[in-house]
Amino acid sequence: MADHGLPGEKRGGALAWLKNFDVFPKTLDDAKEVTASGGTLSIVVIFSVLILLFSETSLFMKTQTKHEMEVDVVRGGLLKINFDITFTRLPCSVLSLDAMDVSGEHELDVVHDVYKRKVNKEGLPYGEVMSQKVDHARDQGAIQAIKGQLGEGCNIYGTLQAQKVAGNFHFSLHAQDFHVLSSVFEDRSTVNTSHVINHLSFGTDYPGLKNQLDGETKTLEEGTGTFEYFLKIVPTKFSYLDGHVVDTNQYAVTDHFRKQRDGFPAVYFIYDISPIMVRVKEWRPTFPHYATQLCAITGGMYVVAGQVHRLARLAYDRFVSGKGGLGSIIPF
């Protein structure tokens, strides 16, 4: 009876030609040499690879942002100004918000979408929220009532819509007439413009946006003066991963304080629009990129660690043990 051989042998013979393409040749166990130094290095490599793989996986799962700049070709439109400011030493009855821009728009004592709330000496708001023009003092009794409010503060917050051109908005004492203010503040050095900027932004917030003036505190221990903030507003488009785009703004700021000699002090926010627009895009690495990084980390660590171990053995054999070959074993 003819011997047709085992099925495995037939497959092995049929696929024998594939051995010519094997780039992973196997080494016989008898030809392998294990050392304590090699085992130590292997443990270090394994932990290092695990740490790097975890770090790379964290980056793959994390949403990142990319920034690009270009000339802003869109002009005009409206600028949304969001503010929340606490004046610790000025009562709401004298405080007003005024706005003007280079186009000639000028508005005094803005009350639309602007709200006020009294603040006690401990800095805590109390009482009802006010959103209307303050009644002007007409007689001595009204003036005395305002004097009785000195020492308390005012939290003013809301939203202001302005033309998207250079301009300013400021918090002043225009809620009352000049002669009333002169009667209330007989010594103008007592007009204390200390304030806390709880929030100031231009447009809609987005992840990672930093409003530089949030939390800014200015305190006057004595005297009076005007605070001026100079802002450069940068138009910004933020693109989410799902494709949703938000048109908003960032800003950079410098500030200046000048002592008041004539008139009454105020707090000014003077802004200009940058001609450069910033595009911020959310993105995540693709899976092929992630897989390539994992392979590079694993293979790179293995190759580099092997070369370092060989060089260490060579240096030990030549300079410590006095042997010139590569076959010596480091005794650790």
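Within the range 301-318, the set of residues being of a type in the set (Ser, Thr, Tyr) and open to solvent by less than 80 Å² (accessible area, probe 1.4 Å) comprises just one member, Tyr316.
Conditions (1) open to solvent by less than 70 Å² (accessible area, probe 1.4 Å); (2) closer than 29 Å to Gln144 by Cα; (3) at pLDDT 90 or above, marked per residue:
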| residue | (1), (2), (3) |
| --- | --- |
| Lys19 | no, no, no |
| Thr35 | yes, no, no |
| Gly39 | yes, no, no |
| Val111 | yes, yes, no |
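Applying the criterion of being open to solvent by 100 Å² or more (accessible area, probe 1.4 Å) and not in a strand (DSSP E or B) to the residues of the range 62-83, the residue that is nearest to Tyr157 (Cα to Cα) is Arg75.
Gly104 passes every criterion in (1) out of contact with any helix residue (DSSP H, G or I) (no Cβ under 6 Å at 6 or more places or on another chain); (2) touching a residue at least 12 places away in the same chain (Cβ under 8 Å) apart from (2). Taking the criterion of being hydrophobic (A, V, I, L, M, F, W, C), under 20 Å from Thr86 (Cα atoms) and in contact with a strand residue (DSSP E or B) (Cβ under 7 Å, 6 or more places away or on another chain), the residues of the range 202-260 that qualify are Phe202, Leu213, Phe227, Phe230, Leu231, Val253, Phe257. Residues of the range 139-183 that are over 31 Å from the mean Cα position of the chain (by Cα), surrounded by fewer than 19 Cβ atoms within 10 Å (Cβ to Cβ) and either part of a strand (DSSP E or B) or aromatic (Phe, Trp, Tyr) (or both): Leu150, Phe178.
The rows are residues; the columns are (1) over 29 Å from the mean Cα position of the chain (by Cα); (2) closer than 30 Å to Gly225 by Cα; (3) of a type in the set (Ser, Thr, Tyr).
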site	(1), (2), (3)
Ile46	yes, no, no
Leu50	yes, no, no
Gln64	no, no, no
Leu78	no, no, no
Phe87	no, yes, no
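Among what's in the range 251-270 and is of a type in the set (A, V, I, L, M) and at pLDDT 95 or above, pick the residue that is farthest from Thr65 (Cα to Cα). First the steps, then the outcome.
First, pick out the residues of the range 251-270 that are of a type in the set (A, V, I, L, M): 252-253, 266-267, 270.
Still in the running and at pLDDT 95 or above: 252-253, 267, 270.
Details: Ala252: 20, Val253: 23, Val267: 35, Ile270: 30 Å.
This residue is Val267.
Give me a count of the residues in the range 263-292 that are open to solvent by 60 Å² or more (accessible area, probe 1.4 Å), in contact with a Lys or Arg (Cβ under 9 Å, 6 or more places away or on another chain) and not in a loop (DSSP other than H, G, I, E, B). Number of matching residues: 4. Enumerate the pairs (first residue in the range 219-236 and closer than 21 Å to Gly153 by Cβ; second residue anywhere and among the small types (Gly, Ala, Ser) and part of a strand (DSSP E or B)) with beta-carbon separation below 6 Å, excluding pairs fewer than 6 apart on the same chain, so at least 6 apart or on different chains. Taking only residues 6 or more apart or on different chains, not a single pair turns up.
So which of Ile273, Ile297 ends up being modelled with pLDDT under 90 and aliphatic (A, V, I, L, M)? Break it down stepwise before answering.
Values: Ile273 fails: modelled with pLDDT under 90.
None of the others qualify; the one that does is Ile297.
The values are calculated or read from the model by the stated rules, or taken from the named source; none is laboratory data. Not measured: the values here are computed from a predicted model. Neighbour counts run over all protein chains shown; Cβ positions are idealised from the backbone, glycine included. SASA here: full protein model, heavy atoms, side chains in, ligands and nucleic acids out. Shrake-Rupley method; radii C 1.70, N 1.55, O 1.52, S 1.80 Å.
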